[in-house]
C-alpha cells in the first residue's frame, strides 16, 4: 500500500488526507444533526475545536506514557510530531476539553456528547483508512486469503501477509456510527447514545487488539488499549443504566 500519491508537483499523504476528511465529515454530520434538533451550532463549533486541540494533546500524551522507556533512551522522540498518536488518548483528551468548554458555556455536556459521538465514530472510520494506507496499526502475520501485504511501508513489516486490522477497525467504526445515528433517531433518554458509543467502541477495540502486532504498551497479558477499553465499557454500561433509571424516574413523576 502506498501512502504518498504524487500528482505533478503535489504530494498527497493519504494518512493526513483521511484524518482531515474524518474531521470535516464529523463536523458536517454533527452540524446537520444539531440543526435538525434545534441545538446551538455555535456551541458545537466550540466543542469541535476544543475536541481537536484536546484530542491532539491527549493523543500525544498517552503515546509518551506508553513509550516512556523508549523516550528515556532517546528524548528526541518528544520532538517528533509527525508520528506517535494514540486514538484512546485523543478520545479522552477531546472529551475532557469539550466538557470544560460546555461547563464554561453552561451548555448540557451530555446532550452534546450524544450528538457528536456518532460523528466521532465516523471520523475514526476515515482515520483507520489512513492507517491502512500508511501501514501503522498493522495486524499479525497470517496465512489467510483475507490479508494485506506492504512493500513500501515505514511502519508495517514489508513482504509478509498481515491481518488487515485497519480495515476491520474502519468497518466497525462506520457500523457504530450508523447504528448510533439510527438509535438516536428513536430519541432515547439523554446519555444513552453516548453510552452506546462507549460500549460498542470499547468492545470492538478490545477484540481488534488481539489481532494487532504493533507495539501498544502492555499491562500484564493485556495491551494498554485493552485495559482502557475495559474501563470505558464499564463507564458506558454505568451511563446507560443511569440514563435508563433517570428516564424511569421522570416517567414516574409524570404519572
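The values are calculated or read from the model by the stated rules, or taken from the named source; none is laboratory data. A quick note: this is a predicted structure, and the numbers were derived from the prediction, not measured. Virtual Cβ from ideal backbone geometry, glycine too; neighbours counted across all protein chains shown.
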*Residues being loosely packed, with under 14 Cβ neighbours inside 10 Å and over 30 Å from residue 161 (Cα atoms): count how many of those fall in the stretch 1-39.*
10
*asked:* Is it the case, given these coordinates, that residue 153 is farther than 18 Å from residue 127 by Cβ, in contact (Cβ under 8 Å) with a residue 24 or more places away in the chain and not in a helix (DSSP H, G or I)?
replied: no
*Tell me which residues, restricted to the stretch 26-42, are in contact with a helix residue (DSSP H, G or I) (Cβ under 6 Å, 6 or more places away or on another chain) and under 20 Å from residue 90 (Cα atoms).*
26, 27, 29, 30
*Residue by residue through the stretch 14-55, note down the ones that are in contact (Cβ under 8 Å) with a residue 24 or more places away in the chain, over 20 Å from the mean Cα position of the chain (by Cα) and farther than 22 Å from residue 181 by Cβ.*
none
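Kindly provide the set of residues from the stretch 65-76 that are crowded, with 16+ Cβ neighbours inside 10 Å and over 18 Å from the mean Cα position of the chain (by Cα), ordered by number.
Taking the stretch 65-76 as the starting set, the residues that turn out to be crowded, with 16+ Cβ neighbours inside 10 Å are 66-67, 71.
Listed by number, the residues that qualify are 67, 71.
Suppose we filter the stretch 149-163 for residues that are within 18 Å of residue 13 (Cβ to Cβ) and either touching a strand residue (DSSP E or B) at 6+ places or on another chain (Cβ under 6 Å) or at pLDDT 95 or above (or both); how many remain?
Looking only at the stretch 149-163, we keep the residues that are within 18 Å of residue 13 (Cβ to Cβ), and these are 150-156.
Retained after the next criterion (residues that are either touching a strand residue (DSSP E or B) at 6+ places or on another chain (Cβ under 6 Å) or at pLDDT 95 or above (or both)): 150-151, 156.
Within the stretch 149-163, residues that are within 18 Å of residue 13 (Cβ to Cβ) and either touching a strand residue (DSSP E or B) at 6+ places or on another chain (Cβ under 6 Å) or at pLDDT 95 or above (or both) number 3.
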_Exactly one of these conditions fails for residue 145: (1) out of contact with any helix residue (DSSP H, G or I) (no Cβ under 6 Å at 6 or more places or on another chain); (2) within 17 Å of residue 15 (Cα to Cα); (3) in a loop (DSSP other than H, G, I, E, B). Give me its number._
(2)
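Go through the stretch 124-142 and give me each residue that's part of a loop (DSSP other than H, G, I, E, B) and either closer than 14 Å to residue 21 by Cβ or in contact with a helix residue (DSSP H, G or I) (Cβ under 8 Å, 6 or more places away or on another chain) (or both).
Across the stretch 124-142, the qualifying residues are 136, 137, 138, 140.
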*In this structure, is residue 218 farther than 22 Å from residue 180 by Cα and within 16 Å of the chain's Cα centre (by Cα)?*
no
